[in-house]
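Step one of this worksheet: look at the structure below.
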């Protein structure tokens, strides 16, 4: 279990984390969702003790400790956003070194290294230098280095940024497996589909503050008064988004590749006006559908911005 | 146990950068040879009782060894850049263990490289290091100790740019006062000021040892280097403890 009380951290005039109080239950797979710059990494650094808060506290009641004591450190595993290992070392050498820092030695060390390599699917490439790894393999090695000491709490900071779908799936499956083993996992991401697929409990962070917290269902209930219409365009073309925004009830419009997504208030009955606007702009459409609320729309509704803005 | 882990890791990290190690051996040998040849005519006219090659075989060697401060600093900043420092900070290991482990590992590898350089300079270039090699190696090990502690301390305490700027100002000054670039006059202000440079003492001790086994400067030079080194590491250790 992790308890955060009134955590605040500023860098110069920027308040990265603003008075956050949060309790993460033991054994949960907790999602921290927010756009880039929302304060996710700073919050993680505060939890792990890498940076000190300006005010507030972090406690680990189940681990009999306050912040960053030796006992707490040995039970924490961090997978940082950036790769944190030695490029000139092989995967095995990297994992062995970091495991050694946690006091593992002899047979226990060897077994832990083999387990970490196997868990991340790197057994066959364990002797290869890390600098010769693909982006996805580097991400997996980053995870192996963070979990080799068998921590109770694992924090993964955007572990799937910029990797191939195969490695991404492997990582997502591994995270689920870790949680099933009974560990507490904090998973930060700005990919809402990952949070939807993995996390039972989610906090949405924006501009250093938690703007919503709950299970997926609870969060989606928050926006039952909104619906989204998605027009699939025949080909990429210029769309006057401002014109759509002027239609009564429209809260947000975005164009993503061939998809024109319009979020509106329920009960306003503006579908006719939306289709008229599509016709007026002579946009060729192949499909129209409305979708159920997602975490993306929750975020959109709460902030007026897309997660990837 | 964890100290030994950090020492081994530091040695292994250096040993993986083979291109740098080759450069660290080849460049000084080339410099000693070039300077020895270029100044041999002047030396002959000056009526010195030792060759230009023997002079630069000592002063250029101590100059190169003192630049080990840059290498030590570079190694630590590389750690910071590669984010591995984050993992070291998170692990249940004391910061001063990391400091001393890094220091000792770098010192061991740079000392071994220095000893290799002495042997290669002696056997390939025929540089004369005197009748007894023991004091020579001891002095160079002490100088390496000083250089590494300076580099490691600055790298732990300062940002890369500040540490580099300071080292790039300090090293040439200390080397100049040590007589690494040119001979220091036998009298005058420069002669007096030169004794604040630890390299002056190391070079004097090496020259005296090389010419007839005179060891009168040996102890002051060793104490100067070891004392400064202990001071740097103690200050850094205290600062790190306060910070954590």
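Only the coordinates and a few stated rules stand behind these numbers; no lab work does. A quick note: this is a predicted structure, and the numbers were derived from the prediction, not measured. Quick reminder, even Gly has a Cβ in these numbers, built from the backbone with ideal geometry, and neighbours come from all protein chains shown.
Of A:70, A:140, B:87, A:235, how do they rank once you tally other Cβ atoms within 10 Å and put the fewest first?
Ranked by crowding around the Cβ, least crowded first: A:235, A:70, B:87, A:140.
For a quick check, take a GNM of chain B with Cα springs below 10 Å and name the residue from B:148, B:193, B:98 with the largest mean-square fluctuation.
For chain B, modelled as a Gaussian network with Cα springs under 10 Å, the answer is B:193.
Neighbour counts of other C-beta atoms within 10 Å: give me A:145, A:199 arranged from fewest to most.
A:199, A:145
How many partner chain Cβ atoms sit within 10 Å of a residue's Cβ in peptide A:41-49, on average, as a whole number?
Taking all residues of A:41-49 together, the mean is 1.
Could you tell me the relative contact order of region A:129-264? Use alpha-carbon pairs under 8 Å, at least six residues apart, and round to a whole percent.
15
Taking a quarter of the surface of the Cα convex hull of region A:82-136, what do you get in nm²?
Seen from a random direction, the Cα hull of region A:82-136 projects 3.8 nm² on average.
Compute the Cα gyration tensor for region A:94-193, then decide on rounded, prolate or oblate, letting a ≥ b ≥ c be the square roots of its eigenvalues: rounded whenever a/c is under 1.5, prolate when a/b is larger than b/c in the other cases, and oblate in all that remain.
oblate
For A:21, A:294, A:10, which order do you get if you count the other beta carbons within 10 Å of each Cβ and list the fewest first?
Final ranking by Cβ density, sparse to dense: A:21, A:10, A:294.
Which residue, A:82, A:124, A:157, tops the fluctuation ranking in a GNM of chain A built on C-alpha contacts under 10 Å?
A:124
With an 8 Å Cα cut-off and a minimum separation of 6 or more residues, compute the relative contact order for chain B in percent.
Reported as a whole number, the value is 25 percent.
Of all DSSP beta bridges in region A:2-220, what percent run antiparallel (nearest 5)?
50
Once you average over the residues of B:11-20, how many Cβ atoms of partner chains fall within 10 Å of each Cβ?
What the average comes to for B:11-20 is 2.
Could you tell me what fraction of 2.2 N^0.38 Å the Cα radius of gyration of the protein assembly as shown comes to, as a two-decimal ratio?
Working it through for the protein assembly as shown, the quotient is 1.29.
In µm²/s, what is D for chain A at 37 °C and 0.692 mPa s, where D = kT/(6 pi eta Rh) by Stokes-Einstein and Rh is the Kirkwood radius from Cα pairs?
My calculation gives 154 µm²/s for D.
Which of rounded, prolate or oblate describes region B:84-207 when judged by the alpha-carbon gyration tensor and an a/c cut-off of 1.5?
oblate
Evaluate region B:2-243: find the radius of gyration of its Cα atoms, find its Kirkwood radius, and give the ratio Rg to Rh.
Reported Rg/Rh (Cα atoms, Kirkwood Rh): 0.99.
Out of all DSSP beta bridges with both ends in the protein assembly as shown, state the antiparallel percent to the nearest 5.
70
Taking springs between alpha-carbon atoms closer than 10 angstrom, which of A:18, A:36, A:279 fluctuates most in the Gaussian network model of chain A?
It is A:279.
Normalised by the number of residues in region A:22-167, what is the relative contact order in percent for Cα pairs under 8 Å and 6+ residues apart?
Relative contact order for region A:22-167 comes out at 27 percent.
For peptide B:86-98, compute the average count of partner chain beta-carbon atoms within 10 Å of each residue's beta-carbon.
Neighbouring Cβ atoms belonging to other protein chains average 6 per residue here.
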